[in-house]
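Input: a single structure, listed below in structure tokens.
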Amino acid sequence: MTVTAEGALPERVYDVTVVGAGVVGCAVARELARRPGLRLAVVEAQDDVGQGTSKANTAILHTGFDATPDSLEARLVREGSRRLAAYAAESGIPVERVGALLVAWDEDQLAALPRLAEKSERNDCPDIRLLGADELYAREPHLGPGALGALHVPGESIICPWTTTLAYATQAVRAGVDLHLNTRVHGVSRSADGHRLTTSRGTLHTRHLVNAAGLHADTLDRALGHDDFTVTPRRGQLIVHDKLARSLVRHILLPVPTALGKGVLIAPTVHGNVLLGPTAEDLHDKRATGSTAEGIALLREKGGRILPALLDEEVTAVYAGLRAATEHEDYRITAHPEQAYVTVGGIRSTGLTASMAIAAHVAALLADTGLDLGPTREPDPVSMPNLGEAFPRPCRRLELIAADPEYGTLVCHCERVSRGEIRDALASTIPPRTLDGLRRRTRARAGRCQGFYCGAAVRQLFEEART
Ligand SMILES: Cc1cc2nc3c(=O)[nH]c(=O)nc-3n(C[C@H](O)[C@H](O)[C@H](O)COP(=O)(O)OP(=O)(O)OC[C@H]3O[C@@H](n4cnc5c(N)ncnc54)[C@H](O)[C@@H]3O)c2cc1C
């Protein structure tokens, strides 16, 4: 098992190198790790997996009911949703199939619902149903006044995005993939073996290259001589409400979509909070992940109409993520056989859901670029620590505590995170290198006090493990 974050890169020539350890790059690495004959690497500019867009989304496992039928995105979201639901069940990634309600607030939106239902059937998502206002309010009693009806999409689910990326990466690394963190690719040139990557940690040689660089996929694509798409970051700001708000909402409450995207939604999270967001702001700065007063005000205005009581609830956190939007309406996943190169660009607002299907698609494209995938051997399954409220957390599992009392010693009381879970995360295959990384693995410091009470104790455990 190799995870590196400093020093020179190995001199070996890899068969395939994936640039970017977001949910997509890690899914690709995991998929390729099913081929034990391949020497594989993932290079990531940041100090952890899932630090880009993959850490800041709405965490919905979409069915793809509203995708553009016959697009690549529609196919991969549909397929990815099924694959990830099955993978989550076997790997311990928390998923709750809460279903979505697409709420119509005026006559135009009500008239649009049957068209959306038709689209949904074309997207092979047939079990949806139109609801009248009475049934809608029976299902969601806290909904604001004036809703006229809804489309019920029972398959829409919520999922833990951090555990998903980490599960893929963990399984890939345990199966022999080299994960090189703190390794930013600055340039790429042809070499006798294929590609020579110039990185912040020296040179890396690889026969085949997969570009899963998210917001920066266009820059790397241009370095390889292509001008297929330009990423325009589309910021989505979100508000996380306290767990006490969770009883206000049972489904994912979606607006009727517009040309700009899916719009502002209210969704429960598997961690027991309630999300309100995201905004959709086209920007130029790929680092603009800050929240703004205007963005938060807009969300509160829209959220107040959908679920008025939510505005009285405490806010735990705000965050923003950048979608890798392009001038195209579909994913930009292209094989360049003459360069032994596959680019995975424009994975906008559905990449978490589609990740496993994107990975399978990329593996097939790599075969088209001349890569001999060799025989398949399923990697050992992974069993991820549960961060979901709907499933038993360690501090509630008496048999676990009896065997190891550290699981009964709480460190973070808001999120009920035990010493045992923090210890396990710090000793895991891909250990966190920062307190934020530890939070994504355990939820320590993610609760309503945001580390005010537990911060010092968590930091002490973190620092002890690193010395
Ligand atoms: C607000 C919002 C809400 C969303 N909601 C959902 C949702 O509910 N469901 C869903 O399925 N999807 C959702 N998405 C979309 C989903 O989050 C993305 O499609 C997905 O995370 C993209 O993953 P990625 O791996 O392509 O990109 P990233 O996660 O950004 O990963 C790319 C990685 O490449 C690295 N990198 C870049 N350049 C270099 C370089 N030169 N060298 C080395 N490394 C490099 C970056 O550091 C980064 O870690 C949402 C997105 C946003 C912003």
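Summary table
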| item | result |
| --- | --- |
| Computed [θ] at 222 nm, helices only, for the chain once each DSSP H run of length n ≥ 4 contributes -39500 (n - 2.57) | -9000 deg cm²/dmol |
| Mean Kyte hydropathy of 0.5 or more with a Cα span along the axis of at least 18 Å, helices from DSSP in the chain | 351-368 |
| Largest to smallest accessible area among C395, C26 [probe 1.4 Å] | C395, C26 |
| Full-stretch length increase - E118, A138 - with 0.36 nm per residue and alpha-carbon distance subtracted | 4.7 nm |
| Spin-label model distance (nm) - H284 vs A309, 7 Å beyond Cα toward Cβ | 4.6 nm |
| Kirkwood hydrodynamic radius of the chain, from inverse mean 1/r over distinct Cα pairs, in Å | 22.9 Å |
| The chain: Cys lacking any partner C-beta under 4.7 angstrom | C26, C125, C160, C395, C414, C449 |
| The range 288-406 - charge dipole about Cα centre, Lys and Arg +1 at Cβ, Asp and Glu -1, debye rounded to 20 | 240 debye |
| Order of exposure, largest accessible area first, which applies to Y137, Y87 with probe 1.4 Å | Y137, Y87 |
| Rel. contact order, % - alpha carbon contacts under 8 angstrom, at least six apart, the range 1-68 | 32 percent |
| Portion, in percent, of the accessible area of the range 85-241 that falls on carbon or sulfur, probe 1.4 Å | 49 percent |
| Rounded to the nearest 10 Å², the accessible area of E79 at probe 1.4 Å | 60 Å² |
| With all protein chains modelled, accessible area of K302 [1.4 Å, Å²] | 90 Å² |
| Relative contact order computed over the chain (Cα-Cα under 8 Å; 6+ residues apart), in percent | 21 percent |
| Solvent-accessible area per residue, Å², over the range 394-466 with all protein chains present [probe radius 1.4 Å] | 50 Å² |
| Accessible area of S428 in the full protein assembly, 1.4 Å probe (Å², nearest 10) | 50 Å² |
| Rel. contact order, % - alpha carbon contacts under 8 angstrom, at least six apart, the range 39-117 | 17 percent |
| Global form of the range 394-466, assessed from the alpha-carbon gyration tensor, a/c cut-off 1.5 | oblate |
| Rg to Rh quotient for the range 160-285, alpha carbon positions, Kirkwood Rh | 1.09 |
| The range 343-411 and the range 217-269: distance between their alpha carbon centers, rounded to Å | 21 Å |
| Segment S383-L244, length gained on full extension (0.36 nm per residue, minus Cα span) | 47.1 nm |
| Gain in span if fully extended, S191 to E329, counting 0.36 nm per residue against the direct Cα distance | 46.2 nm |
| Heavy-atom accessible area order for R443, R39, R323, largest first, 1.4 Å probe | R39, R323, R443 |
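The values are calculated or read from the model by the stated rules, or taken from the named source; none is laboratory data. The structure presented is a predicted model; accordingly, all values stated were derived computationally and were not measured. Note that we place each Cβ from the backbone using ideal geometry, even for glycine, and neighbour counts take in every protein chain shown. Quick note on the areas: whole protein, heavy atoms, side chains included, nothing else; ligands and nucleic acids left out. Shrake-Rupley method; radii C 1.70, N 1.55, O 1.52, S 1.80 Å.
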